[in-house]
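Worksheet: one structure, shown below.
The values are calculated or read from the model by the stated rules, or taken from the named source; none is laboratory data. Note that this is a predicted model, so its numbers are computed, not measured. All Cβ positions, even for glycine, are placed from backbone atoms using ideal geometry, and neighbour counts span all protein chains on display. The area values use the complete protein model at the heavy-atom level, side chains included, leaving out ligands, DNA and RNA. Shrake-Rupley method; radii C 1.70, N 1.55, O 1.52, S 1.80 Å.
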Amino acid sequence: MHEPTQQNHLDKVSYNDKVTRYFLWATLVWGFVGMLVGIIIASELANWRVNLGIPEITFGRLRPLHTNAVIFGFACNAFFTAAYYSTQRLVKARLYSDVLSWIHFWGWQAIIVSAALTLPFGITTAKEYAELEWPIDIAITLIWVVFAVNYVGTLLVRREKHIYVSIWFYLASIVTVAALHIVNSAEIPVSFLKSYSLYSGAQDALIQWWYGHNAVAFVLTTPFLGMMYYFIPKAVGRPVYSYRLSIVHFWSLIFIYIWAGPHHLHYTALPQWAQSLGMVFSVVLWMPSWGGMINGLLTLRGAWDRVRQDPVLKFLVAGVTFYGMSTFEGPLMAIKSVNAISHYTDWTIGHVHSGALGWVGFISFGCLYWMVPKLYRTKLHSVSWATTHFWIATIGIVFYIVSMWISGITQALMLQAVTTDGKLLYPDFVETVAAIEPYYYMRLLGGLLYFSGIVLGIVNFWKTMRSAPAPQDETVLVPARFKPSKLTDDLAHATESVADSGTLIDRLHHVLESKPVVLTVLSLAAIGVGSVIEIVPTLFIRDNVPLIATVKPYTPLELEGRDLYIREGCYNCHSQMVRPFKDEYLRYGAPSRPGESVYDHPFQWGSKRTGPDLARIGSKYPDLWHYRHMRNPRDISSKSIMPIFPWLLENKLDGSHTAAKLQALKKVGVPYQQEDIDSASVHRDRQALEIAKRLNEQGGVSLTVADKEITALIAYLQRLGTDTKVSVP
Amino acid sequence: MSQPGIDLLIFPKIGLLIFVSVFLLSLVWIYRRGSSKTYEETSNLPFEDDAGTP
């Protein structure tokens with residue numbers, strides 16, 4: 001820990017800018033990697049041949065790598081960079097510990113590398129944005145605790161009494177992400193790199209989207225609001241428009257955001273009351289979100305002319321504008337009647353990228369363009385390059401989101417269309433895919449433009465750093481260390497001395513504002529209310545998920561097949577959730593019920609339908625259909641854009657953990673008997689042989705297919721929905 | 001929508017009352033007398049480091 005030196009009642013303190021510079025470079029590296037992977041998967045959707053028949057780069061395995069790299073690699077590193085830069089200057093203190101800072105840096109980068117080393121190999125939990133397996137989950141927890149200790153420690157050794165509102169947003173992010181990660185990642189290990197979620201079906205879905213939505217809130221929103229409240233005033237040279245509004249923004253946002261998760265599960269088998277809560281709070285969320293946006297934009301009052309010249313302000317202002325657009329669109333999509341159209345379609349993808357590329361990306365680059373010259377004590381290499389970066393990226397975003405809007409709404413309307421005699425107008429799902437394919441190329445163009453901007457930005461930063469003198473930590477003169485007193489003393493003092501100075505409420509505010517730990521606890525309480533009210537009843541009130549007597553646990557082979565379904569990331573394109581709409585009833589069958597997925601650890605309801613729903617695919621087609629479909633989907637449906645999976649026909653099924661898998665699931669409540677576990681291998685092989693015989697009879701497939709992965713996957717797919725099969729008229 | 005001994009419809013009303021009360025209290029809090037000076041000082045914190053370099 002750095003020790004300041006005394007000098008005429010002022011101390012000389014040098015900020016730890018070295019670690020900030022490292023985080024800055026990590027932001028750029030992971031931004032490049034994550035968005036490059038985004039380009040690859042966009043190409044794969046536009047043209048299935050780009051999958052190249054290579055398992056590790058197939059869409060289902062790469063899509064989680066894209067989301068993890070941009071969220072945890074790019075966005076989190078941008079947050080760490082900005083938080084470490086701004087907090088040291090706001091509290092006039094060096095980071096609490098150099099050692100913790102470096103553990104935080106290298107530990108976090110190791111986590112992202114481990115994501116890159118596991119996800120392409122199909123090592124995944126299949127929970128969106130939480131795909132990393134249990135050893136990496138533990139590492140995330142430990143490194144996050146290191147970050148939290150280092151951050152709160154810095155606040156405790158600060159030399160400024162007031163804690164600026166940016167730090168409130170950073171603190172709320174730190175505590176909430178910790179809670180979200182720990183609760184959602186609760187899982188039971190089967191082996192070193194395989195686990196099952198502790199929760200199942202509807203419960204797992206609720207917790208996953210409580211996590212998923214609040215990852216958007218507390219990883220992709222609140223840290224960047226903290227950045228907005230520091231860097232816009234810095235860039236424009238005047239304080240935030242209304243500090244009061246920023247306080248209302250903070251408390252209302254963190255209190256309301258946490259409730260909104262169930263809007264990801266409208267019309268699913270989640271209990272209705274939870275869906276309604278999610279919708280109502282999503283709509284209420286409009287208010288604080290727009291309050292914050294207006295506060296950010298009005299900070300530029302009287303200085304709008306500078307936006308024309310300054311690329312930093314261009315990025316920041318456009319970023320806040322995209323925040324306003326996304327936070328208008330989000331609540332709109334959370335309204336159930338709108339969600340009936342938008343959900344499972346590309347509209348959602350467009351919405352996400354308006355927030356990710358426009359809000360997170362632009363705020364990040366605005367802050368980076370501000371910080372790089374400061375951290376390297378030189379001028380930016382080229383202002384015109386930065387301006388070009390801004391315009392290419394902006395045009396790229398417009399291409400991206402407009403194409404996804406058109407694609408999403410087109411597909412939804414085609415899927416819902418019925419003829420006057422009550423039949424589906426487009427009964428074959430692939431017809432709707434063929435209709436939107438041109439927009440996948442348009443999206444690719446948008447992504448390429450945005451990516452080109454990033455490359456230009458990285459070269460600009462590189463040239464700026466190359467021309468700079470050897471980087472040094474900034475040294476400043478600061479007042480003596482602020483020594484916080486005990487909370488109990490403060491409260492006693494506050495109530496005793498009302499008559500002397502200020503009102504009671506005024507003094508209590510000072511107590512709250514000067515206590516980072518109290519502020520943290522209150523933030524945790526604010527997010528805790530909504531979390532507990534939504535999650536606890538779903539977990540503990542049995543009526544919420546009534547059991548269905550005919551629904552039984554998977555057989556050993558079906559369970560192995562399910563794990564292959566997860567390994568290949570099928571859930572990225574296929575849902576297993578029939579909503580109560582006429583077209584879905586006609587296309588897929590009866591609406592899904594909560595009790596149907598009580599043994600699904602994790603749930604596989606999905607969030608996007610690039611292909612059709614699979615909840616009732618079981619026994620719809622013969623085994624040979626699935627065999628040929630996985631070998632080459634075009635053999636079944638000429639317009640299909642699904643990748644090929646020939647390796648499933650060649651790879652031997654690894655059954656070394658079959659019994660352990662049943663054992664693990666038994667521990668989390670799946671009613672397997674000991675004899676099921678003891679004879680798991682025998683049952684698995686027997687069922688595989690039955691499928692191999694059928695494949696042989698139906699299409700002359702060699703009986704050697706019995707020990708291949710494809711038989712397990714066929715077993716799983718043929719089981720889906722059969723426990724509650726209701727014939728479709 | 002009720003269970004023995006509990007009228008569940010009371011909960012939305014209680015919830016509404018709590019949310020509106022908290023919102024109004026927070027408004028009273030941030031507009032409390034004499035707070036303008038504090039907020040003005042705090043909102044200028046981002047600029048204090050500009051003059052601190054030796």
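Being within 19 Å of the chain's Cα centre (by Cα) and aromatic (F, W, Y) is the filter; apply it to the range A:16-45 and report the residue that is most open to solvent (accessible area, probe 1.4 Å).
Per the criteria, the residue is A:F32.
For a quick check of your reading of the model, give me the residue pairs whose first member lies in the range B:21-43 and is more than 7 Å from chain A (Cβ to nearest Cβ) and among the polar types (S, T, N, Q), whose second is open to solvent by less than 70 Å² (accessible area, probe 1.4 Å) and in a helix (DSSP H, G or I), with beta-carbon atoms closer than 9 Å and at least 6 apart or on different chains.
Listed by first residue and then by second, the contacts come to B:S36/A:R244; B:T38/A:Y243; B:T38/A:D506; B:T38/A:H509; B:T38/A:H510; B:T38/A:E513.
Report the residue count in the range A:353-382 for those that are closer than 21 Å to A:V320 by Cα, in contact (Cβ under 8 Å) with a residue 60 or more places away in the chain and open to solvent by 30 Å² or more (accessible area, probe 1.4 Å).
Total meeting the criteria: 2.
Go over the candidates A:G606, A:G595 one by one and state the one that is in a helix (DSSP H, G or I) and of a type in the set (G, A, S).
Working: A:G606 fails: in a helix (DSSP H, G or I).
From the options A:G606, A:G595, the qualifying one is A:G595.
Looking at (1) closer than 20 Å to A:L375 by Cα; (2) within 28 Å of the chain's Cα centre (by Cα); (3) buried (at least 18 other Cβ atoms within 10 Å of the Cβ), can you tell me which one A:I458 breaks?
Answer for A:I458: the failing condition is (3).
Which of (1) over 21 Å from A:Q472 (Cα atoms); (2) not in a loop (DSSP other than H, G, I, E, B) is the odd one out, the single condition A:G53 does not satisfy?
(2)
List the residue pairs whose Cβ atoms are under 9 Å apart, where the first residue sits in the range A:541-565 and is basic (K, R), the second is in a loop (DSSP other than H, G, I, E, B), and the two are 6 or more positions apart or on different chains.
Within 9 Å, the pairs are A:K552/A:Y599; A:K552/A:P671; A:R562/A:Y554; A:R562/A:D600; A:R562/A:Q604.
Which pairs have Cβ atoms under 6 Å, sit 6 or more apart or on different chains, and link a residue in the range A:124-149 that is more than 19 Å from A:P64 (Cβ to Cβ) to one that is open to solvent by less than 10 Å² (accessible area, probe 1.4 Å)?
Qualifying pairs under 6 Å: A:I143/A:W108; A:V146/A:H104; A:F147/A:H104; A:A148/A:I174.
If the requirement is being within 14 Å of chain B (Cβ to nearest Cβ) and β-branched (V, I, T), which of these qualifies: A:V236, A:V190, A:V219?
Numbers: A:V190 fails: within 14 Å of chain B (Cβ to nearest Cβ); A:V219 fails: within 14 Å of chain B (Cβ to nearest Cβ).
Testing whether each residue is within 14 Å of chain B (Cβ to nearest Cβ) and β-branched (V, I, T) leaves just A:V236.
Open to solvent by 20 Å² or more (accessible area, probe 1.4 Å), of a type in the set (K, R) and over 11 Å from A:T555 (Cβ atoms) - does that describe any residue in the range A:673-691? It would help to see each step written out before you state the result.
Going residue by residue through the range A:673-691, those that are open to solvent by 20 Å² or more (accessible area, probe 1.4 Å) are A:673-676, A:678-679, A:681-687, A:689-690.
Okay, now just the ones that are also of a type in the set (K, R), so A:684, A:686.
Filter once more, so that each one left must be over 11 Å from A:T555 (Cβ atoms): none.
The answer is no, given that none of the residues of the range A:673-691 is open to solvent by 20 Å² or more (accessible area, probe 1.4 Å), of a type in the set (K, R) and over 11 Å from A:T555 (Cβ atoms).
Please enumerate the residues belonging to the range A:270-284 that are away from every other protein chain (no Cβ under 11 Å) and either surrounded by 23 or more Cβ atoms within 10 Å (Cβ to Cβ) or assigned to a helix (DSSP H, G or I) (or both).
Correct list: A:L270, A:Q272, A:A274, A:Q275, A:G278, A:M279, A:S282, A:V283.
List the number of the failed condition for A:T387; all other conditions in (1) open to solvent by 40 Å² or more (accessible area, probe 1.4 Å); (2) in a helix (DSSP H, G or I) hold.
(1)
Looking at this structure, is A:K12 open to solvent by 40 Å² or more (accessible area, probe 1.4 Å) and outside any helix (DSSP H, G or I)?
When the stated conditions are applied, A:K12 passes them.
For the range A:241-258, which positions are open to solvent by 10 Å² or more (accessible area, probe 1.4 Å) and part of a loop (DSSP other than H, G, I, E, B)?
A:Y241, A:S242
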